[in-house]
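*Asks:* One structure, pasted below without further comment.
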Amino acid sequence: MIKRVHFSRPILPYLLLAPQVIITLIFFIWPAFQAIKGSMYLEDPFGLSSQFVGLEHFRTLWEDESYRSSFGRTFFFAFTVAASSMLIALILAAAADYLMKRSRFYRSFLIIPYAVAPVLAGSLWMFLFNPTIGIIANFLHDIGIYWNYRLSGGQAMALIIIAASWNMISYNFLFFIAGMQAIPRSLIEAAAIDGAGPVRRFFSIIFPLLSPTTFFLLVMNVVYAFFDTFGIVHAVTGGGPGDATEILVYKVYKDGFEGMNYGFSAAQSVVLIVIVVTLTVFQFKFIERKVSYA
């Protein structure tokens, strides 16, 4: 039976919720409303005049071939970043939990990249893979692999995927290691007594019990790949070469701030919000059914 909490002062619950509500209104609801409003107007580059055009910008988006191609590019980028960062973080967390139980140093060391801003993470990987002075680029040249992400669209995409995944691994690692440490040791020890090896114990006990954590991280990683990777793309490739790394969030910036087409850019941001909300609802509606909270 659920116990209900009663406050002696009826206004207290509203005061406790007020800061979060205000932050949500200012930083989420109001910008979203402005984006929807701006997507229906055609403004001059200096913002001195505007003309109501209804859904004209959305029709233009539908007919824009470069915008349609950025869809597939963005979904590939988001899927690859989420899958690689979660897989590597899960392996590192399993190793830290199994092999390094008494070593806090390694755990602290593994979460350091999360403190690095996306722009700095992108700059770091850009220098490492710089075709002229980069250490990794020179190593690739030495073993006979031609590397120049400034000319190759595939290499540029690979580079921003590496940078974005590296920046997110620590975040995933923190949640995975916390989830593993919350699993009762008696379950794992009982399986070990029954003869189950480390691999079987992981897939039979640990990984199923991590399903709530995995589901939460899947949602957060998808949102991160769609919204928070602008700094990495801007620092590493600037959307190039050509439009090879121009994902949706970067195209919003490019058309809005470089092209000064504000209405068109606002329409793209509205579409981006709708895509992320749809993906989140899809994940909660279908993938969450496979999650066990027991």
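The values are calculated or read from the model by the stated rules, or taken from the named source; none is laboratory data. Fair warning: this is a prediction, and the values are worked out from it, not measured in the lab. Cβ coordinates were reconstructed from backbone atoms using ideal geometry, including for glycine residues, and neighbour counts include every protein chain displayed. Ligands, DNA and RNA are stripped out before the accessible areas are found, and what is left, the full protein with its side chains, is counted by its heavy atoms. Shrake-Rupley method; radii C 1.70, N 1.55, O 1.52, S 1.80 Å.
*Asks:* Could you please find all residues in the stretch 112-165 being β-branched (V, I, T), over 21 Å from E246 (Cβ atoms) and open to solvent by 60 Å² or more (accessible area, probe 1.4 Å)?
*Replies:* Of everything in the stretch 112-165, those that are β-branched (V, I, T), over 21 Å from E246 (Cβ atoms) and open to solvent by 60 Å² or more (accessible area, probe 1.4 Å) turn out to be I112, T132, I133, I135, I143, I145.
*Asks:* Give the residues of the stretch 54-73 that are under 11 Å from M40 (Cα atoms) and in contact (Cβ under 8 Å) with a residue 24 or more places away in the chain, sorted by residue number.
*Replies:* Hits for the stretch 54-73 are H57, F58.
*Asks:* Of all residues in the stretch 11-49 being in contact (Cβ under 8 Å) with a residue 40 or more places away in the chain and of a type in the set (S, T, Y), which is nearest to V249 (Cα to Cα)?
*Replies:* Filtering first and then ranking leaves S39.
*Asks:* Filter the helices (runs of 4 or more DSSP H) completely within the stretch 129-216 down to those with at least 1 residues that are in contact with a helix residue (DSSP H, G or I) (Cβ under 7 Å, 6 or more places away or on another chain) and either within 23 Å of A117 (Cβ to Cβ) or of a type in the set (A, V, I, L, M, F, W, C) (or both).
*Replies:* Of the helices (runs of 4 or more DSSP H) lying wholly inside the stretch 129-216, those with at least 1 residues that are in contact with a helix residue (DSSP H, G or I) (Cβ under 7 Å, 6 or more places away or on another chain) and either within 23 Å of A117 (Cβ to Cβ) or of a type in the set (A, V, I, L, M, F, W, C) (or both) span 135-142, 153-181, 185-193.
*Asks:* Condition first: at pLDDT 85 or above and of a type in the set (K, R). Can you find one or more residues in the stretch 270-290 that meet it?
*Replies:* So far as the stretch 270-290 goes, no, none of its residues is at pLDDT 85 or above and of a type in the set (K, R).
*Asks:* Take the residues in the stretch 166-176 that are of a type outside the set (S, T, Y) and open to solvent by less than 60 Å² (accessible area, probe 1.4 Å); name whichever of them is farthest from the chain's Cα centre (by Cα).
*Replies:* Of everything passing the filter in the stretch 166-176, F176 is farthest from the chain's Cα centre (by Cα).
*Asks:* Report the residue count in the stretch 177-224 for those that are touching a residue at least 40 places away in the same chain (Cβ under 8 Å), of a type in the set (V, I, T), farther than 26 Å from V281 by Cβ and open to solvent by 30 Å² or more (accessible area, probe 1.4 Å).
*Replies:* 0
*Asks:* Moving to a separate point now. Being farther than 22 Å from I29 by Cα and of a type outside the set (F, W, Y): is that true of Q268 here? Show your work before the answer.
*Replies:* On the way: farther than 22 Å from I29 by Cα: no; of a type outside the set (F, W, Y): yes.
No; evaluated as a whole, the condition is false for this residue.
*Asks:* Determine, yes or no, whether A95 is open to solvent by less than 50 Å² (accessible area, probe 1.4 Å), small (G, A, S), free of Cβ contacts under 8 Å to residues at least 40 places away in the same chain and at negative phi.
*Replies:* yes
*Asks:* Taking the stated definitions as given, is F127 aromatic (F, W, Y) and at pLDDT 90 or above?
*Replies:* Considered against the rule, which asks whether it is aromatic (F, W, Y) and at pLDDT 90 or above, F127 comes out as no.
*Asks:* Enumerate the pairs (first residue in the stretch 225-246 and in a helix (DSSP H, G or I); second residue anywhere and among the hydroxyl-bearing types (S, T, Y)) with beta-carbon separation below 6 Å, excluding pairs fewer than 6 apart on the same chain, so at least 6 apart or on different chains.
*Replies:* What qualifies is F230/Y250; V233/T245; V233/Y250; A235/S123.
*Asks:* Here are some conditions: (1) under 23 Å from the mean Cα position of the chain (by Cα); (2) within 18 Å of G240 (Cα to Cα). T80 meets all but one. Which one does it not meet?
*Replies:* (2)
*Asks:* Kindly establish whether I247 is closer than 19 Å to I287 by Cβ and either among the acidic types (D, E) or open to solvent by less than 30 Å² (accessible area, probe 1.4 Å) (or both).
*Replies:* no
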